Amino acid sequence: MSNILVFVEQREGKVRKAALESLTLGRALAARTGGTVAAVVAGSGISGLAGELAAYGAAKVFVADAPELALYSCEGYTAALDAAASAFSPSIVLVPGSMMGKDVAPRFAARRGVGVLSDVMTLEVENGRLVGTRPVYSGKARATVSADPAAALQIATPRPNVFPASKADAPAAGEAVPLALAGLKIRAKVTKIEAAETGEIDVAEADKIVSGGRGIKGPENWPMLKALCHELGAALGASRAAVDAGWISHSHQVGQTGKVVSPSLYIACGISGAIQHMAGMGSSKVIVAINKDPEAPMFKVATYGIVGDMFQIVPAMTEAAKKMKA
Amino acid sequence: MNHIVCLAYVPDTETKIKIGADGKSIDESDVKWIVSPYDEYALEEAIKTKETKGGTVTVVTFGPAKADVGLRECLARGANEAVRIAADGLAQVDSLGVAKLLAAAIKPMPFDVLWLGNKGVGTDAQTLVPMLAEFLDLPHVNLVTKLEWKDGAVTCWREIEGAKEVVETPLPALIAAQKGLNEPRYASLKGIMAAKKKTIAVKTPADLGVDVAAVSGDKAAVRWTKLELPPARQAVKLIPADDPAKAAEELLRLLRDEAKVL
């Protein structure tokens, strides 16, 4: 029997989608290994989350509920994960590969003297050890990685947006188990959160992305792409050329020195497709290239392409999307 | 204030990746190597802070002899000392092993801030920063795009999904840089000349008391068993653009009915 513990990321009392994806994946692995799935969540005033986590298959929900855990701290949330792991003795721990998860999982792993299968896009249990595949060299290659079978604990951080999130056929028990964190030492503390522009979806967790590059010509033209984003429910991305020109902040950058994304739809507008950009979006399910230059390398990876002027095509797409919804 | 900057010497981000003969690592024959771009932001911030507040900057890497080129670049930009943990001839060491080696090298060195890039480009695991902080019992702040110094403490702006977290931490601390923190400088000619005369301190894992055999190759906590190129994509379906409105409608129809992503 190999039990599986899933770290659940919540912000402002809401469970993040990436955590539900990890729970769903945990359930699938447990069905094969014959173990049970537990969840651990840290925060303040969050005991009401157990029901939702039970619906996704958590037989037990370890809850670290304390005022000093209201905002994220790596030390505090790692302590919660560590305490739940001590109580539940899992052989597998899944932590969503979000910014928070990629901060917590390695600290916890180092505490236990084990490794992390980071950012995996597939994950299986083979002969008692976790085996996954993950993009390396920013997606220019794919590595098969495996955990040490002798390790008491195997940890993976599944990449957000890759694994589906679905409820269990029947909810699990979801028994809430309070965690008391004795001697909690939090040195690096979040004091506040400054939100980005309201309603903006981050490229790292977006299911659809509309991206602009050098072809956008200047920051005054982002509203044209934002209008399309709005109609499609997409996040706004940018190439390094657009970011380095100072047209948009780095948080939008897709590529080797930006974010590596795997949305179901990636629309590249006026992006030629430098190797470093392709590295960041090459694993998108469907890619659309819109470019004046028929020789643009982006057409080599695109599913669909329009050779034309993005200043005509993009507004027409926004109109077409409006019509389609109507 | 004294600074230590850990850096990785990695394949240039523009390099085309070829799979090596062993089928689980890259072919390094035509690879151009650079200091990882994120580590450059870390180094720049350390040097900038040294220039205003005094102190020293020491750069540390785990790498083979060719990484000395990268260390000299850092010395030319303004680092005072350089240490290399020799990786020559070693089997692949994963993040946990690298964190152990770096922690062993750094433990005896006094510092106020330990700097890293938020990831090395290459393995892209993003696991080293929290692991190293844990081994050195330090608070850490990852993905930092802006910071303000206080007396014995620092306030950092950390990038998360769709927002920034404002994080306060006492020193000493580990701070991991994200793009946007600064614009790294180029080395001056004077700096390049001075860097040539400096000695790079080389230590072996054995010097540091780390049994590298226990953390590398098929003893590593995470092993790469296979490396392959991403699967080839289908040929593009081009939509004629004579009439932009028609082209746009056809594209959206294909996305909805054929690709089923709308």
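The values are calculated or read from the model by the stated rules, or taken from the named source; none is laboratory data. Quantities reported herein were computed from a predicted structural model and do not represent experimental measurements. Methodologically, a virtual Cβ is constructed for each residue, glycine included, from the backbone with ideal geometry; neighbour enumeration extends over all protein chains shown.
The number of residues in the range A:297-314 being more than 29 Å from the chain's Cα centre (by Cα) and free of Cβ contacts under 8 Å to residues at least 60 places away in the same chain comes to 6. Here the condition is being within 14 Å of another protein chain (Cβ to nearest Cβ), touching a Ser or Thr at 6+ places or on another chain (Cβ under 7 Å) and modelled with pLDDT of 95 or more; of A:105, A:110, it holds for A:105 alone. Checking each residue in the range A:256-284 for being out of contact with any strand residue (DSSP E or B) (no Cβ under 9 Å at 6 or more places or on another chain) and not in a helix (DSSP H, G or I) picks out A:256, A:257, A:274.
Looking at (1) under 24 Å from residue A:34 (Cα atoms); (2) of a type in the set (Ser, Thr, Tyr); (3) crowded, with 20+ Cβ neighbours inside 10 Å, can you tell me which one residue A:122 breaks? With (1) under 24 Å from residue A:34 (Cα atoms); (2) of a type in the set (Ser, Thr, Tyr); (3) crowded, with 20+ Cβ neighbours inside 10 Å applied to residue A:122, the lone miss is (3).
Taken over the range A:205-216, the criterion of being more than 14 Å from every other protein chain (Cβ to nearest Cβ) and either part of a strand (DSSP E or B) or without any contact (Cβ under 8 Å) to a residue 40 or more places away in the chain (or both) is satisfied by A:211, A:212. Within the range A:25-59, track down each residue that is more than 27 Å from residue A:73 (Cβ to Cβ), at pLDDT 95 or above and of a type in the set (S, T, N, Q). Residue satisfying the conditions is A:36 alone. Of all residues in the range B:173-195, which are of a type in the set (Lys, Arg) and farther than 25 Å from residue A:250 by Cα? Result: B:190, single match.
Exactly one residue out of B:46, B:42, B:65 is under 20 Å from residue B:216 (Cβ atoms) and either more than 14 Å from chain A (Cβ to nearest Cβ) or surrounded by 24 or more Cβ atoms within 10 Å (Cβ to Cβ) (or both): that is B:65. Taking (1) within 30 Å of residue A:74 (Cβ to Cβ); (2) modelled with pLDDT under 95; (3) surrounded by fewer than 15 Cβ atoms within 10 Å (Cβ to Cβ) in turn, residue B:152 satisfies each apart from (2). For the range B:107-128, what are the residues that are aliphatic (A, V, I, L, M), more than 7 Å from chain A (Cβ to nearest Cβ) and under 17 Å from the mean Cα position of the chain (by Cα)? Answer for the range B:107-128, where residues must be aliphatic (A, V, I, L, M), more than 7 Å from chain A (Cβ to nearest Cβ) and under 17 Å from the mean Cα position of the chain (by Cα): B:113, B:114, B:116, B:128.
Residues considered: A:289, A:227, A:296. Of these, the only one that is under 23 Å from residue B:254 (Cβ atoms) and part of a strand (DSSP E or B) is A:289. Here the condition is being of a type in the set (D, E, K, R) and either surrounded by fewer than 19 Cβ atoms within 10 Å (Cβ to Cβ) or more than 26 Å from residue B:144 (Cα to Cα) (or both); of A:205, A:220, it holds for A:220 alone. Could you tell me which residue of the range A:30-39 is surrounded by the fewest Cβ atoms within 10 Å (Cβ to Cβ), considering only residues that are in contact (Cβ under 8 Å) with a residue 12 or more places away in the chain, within 18 Å of residue A:173 (Cα to Cα) and of a type outside the set (Val, Ile, Thr)? Among those that are in contact (Cβ under 8 Å) with a residue 12 or more places away in the chain, within 18 Å of residue A:173 (Cα to Cα) and of a type outside the set (Val, Ile, Thr), it is A:34. Taking strands (runs of 3 or more DSSP E) as the structural unit, those lying wholly within the range B:168-240 and holding at least 1 residues that are crowded, with 18+ Cβ neighbours inside 10 Å and either modelled with pLDDT of 95 or more or more than 11 Å from chain A (Cβ to nearest Cβ) (or both) correspond to B:173-177, B:222-228.
Results for (1) touching a Pro at 6+ places or on another chain (Cβ under 9 Å); (2) at pLDDT 95 or above; (3) hydrophobic (A, V, I, L, M, F, W, C), shown as yes or no for each residue.
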residue: B:8; (1), (2), (3): no, yes, yes
residue: B:15; (1), (2), (3): no, no, no
residue: B:26; (1), (2), (3): yes, no, yes
residue: B:29; (1), (2), (3): no, no, no
residue: B:49; (1), (2), (3): no, yes, no
residue: B:57; (1), (2), (3): no, yes, yes
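Residues of the range B:224-262 that are closer than 17 Å to residue A:312 by Cα and of a type in the set (A, V, I, L, M): B:238, B:239, B:241, B:245, B:247, B:248, B:251, B:252.
Of all the residues in the range A:290-313, those that are hydrophobic (A, V, I, L, M, F, W, C), out of contact with any strand residue (DSSP E or B) (no Cβ under 6 Å at 6 or more places or on another chain) and within 9 Å of chain B (Cβ to nearest Cβ) number 1. When only residues in the range A:114-166 that are part of a loop (DSSP other than H, G, I, E, B) and of a type in the set (Lys, Arg) count, which is farthest from the chain's Cα centre (by Cα)? Only one residue fits best here, namely A:140. Looking across A:245, A:302, one residue alone is surrounded by 24 or more Cβ atoms within 10 Å (Cβ to Cβ) and among the aliphatic types (A, V, I, L, M). It is A:302. I want to confirm something. Restricting to the range A:125-144 and keeping residues that are hydrophobic (A, V, I, L, M, F, W, C) and under 22 Å from residue B:9 (Cβ atoms), which single residue is modelled with the highest pLDDT? The extreme case among them is A:143. For the range B:71-106, the set of residues classified as of a type in the set (A, V, I, L, M, F, W, C) and over 18 Å from the mean Cα position of the chain (by Cα) consists of B:76, B:90, B:91, B:104, listed by residue number.
Just wondering, is there one or more residues in the range A:185-197 that are part of a loop (DSSP other than H, G, I, E, B), surrounded by fewer than 17 Cβ atoms within 10 Å (Cβ to Cβ), more than 10 Å from every other protein chain (Cβ to nearest Cβ) and without any contact (Cβ under 8 Å) to a residue 12 or more places away in the chain? Checked the range A:185-197: no residue is part of a loop (DSSP other than H, G, I, E, B), surrounded by fewer than 17 Cβ atoms within 10 Å (Cβ to Cβ), more than 10 Å from every other protein chain (Cβ to nearest Cβ) and without any contact (Cβ under 8 Å) to a residue 12 or more places away in the chain. Against the condition more than 9 Å from every other protein chain (Cβ to nearest Cβ), within 23 Å of residue B:246 (Cα to Cα), surrounded by 20 or more Cβ atoms within 10 Å (Cβ to Cβ) and modelled with pLDDT of 95 or more, how does residue A:268 come out, does it pass? Judged against the criteria, residue A:268 is a match.
Among the residues of this structure, residue A:313 does not count as one that is hydrophobic (A, V, I, L, M, F, W, C), at pLDDT below 95 and farther than 21 Å from residue B:161 by Cα. Test residue B:56 against the criterion of being out of contact with any His (no Cβ under 9 Å at 6 or more places or on another chain) and either more than 21 Å from residue B:204 (Cα to Cα) or of a type in the set (Val, Ile, Thr) (or both), and give yes or no. In short, no. Total residues in the range B:56-114 satisfying the condition of being in a helix (DSSP H, G or I) and closer than 29 Å to residue B:150 by Cα: the figure is 10. Could you tell me whether residue B:39 is closer than 20 Å to residue B:93 by Cβ and over 14 Å from the mean Cα position of the chain (by Cα)? Taking the combined requirement at face value, the residue does not satisfy it.
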